[in-house]
């Protein structure tokens, strides 16, 4: 019986880890497609919020992606003050995500590549 319960626990752990990995892949795909397709942004934000909720160890990375997506919403906004507001909100969320796990390479890449493409006055 002990062996069976250990097997069930290990199997459920690996299935859960696989589910998180597939959510990350889906989130990344939506993130990169959001650069050209603004309709994907809200879906991508929802996926990364789900990742942050399900896997606290990845919350910093998810917050960095969410902040970048928030800043990306500014790219598609019509009014300049809305662009400014969304970019600043995105930067704040990215900074908080990066501060949660400052050694995460993927978070550093997302943060730096987003900041690189912002205008000079940000």
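Just so you know, all these numbers are worked out from the coordinates, no wet-lab data involved. Being a predicted model, the structure only gives us computed values, none of them experimental. Don't worry about glycine lacking a Cβ; one is built from the backbone with ideal geometry, like all the others, and counts go over all protein chains shown.
For the range 32-105, the gyration tensor built on C-alpha atoms gives an oblate shape. Its axis ratio a/c (a ≥ b ≥ c) is at least 1.5, and a/b is not larger than b/c. The slack in the chain from residue 26 to residue 117, taken as 0.36 nm per residue of separation less the alpha-carbon distance, amounts to 30.4 nm. Using 0.36 nm per residue and subtracting the Cα-Cα separation, the extra length available between residue 78 and residue 99 on full extension is 4.5 nm. Sorted fewest first by neighbouring Cβ atoms within 10 angstrom, 45, 20, 105 come out as 105, 20, 45.
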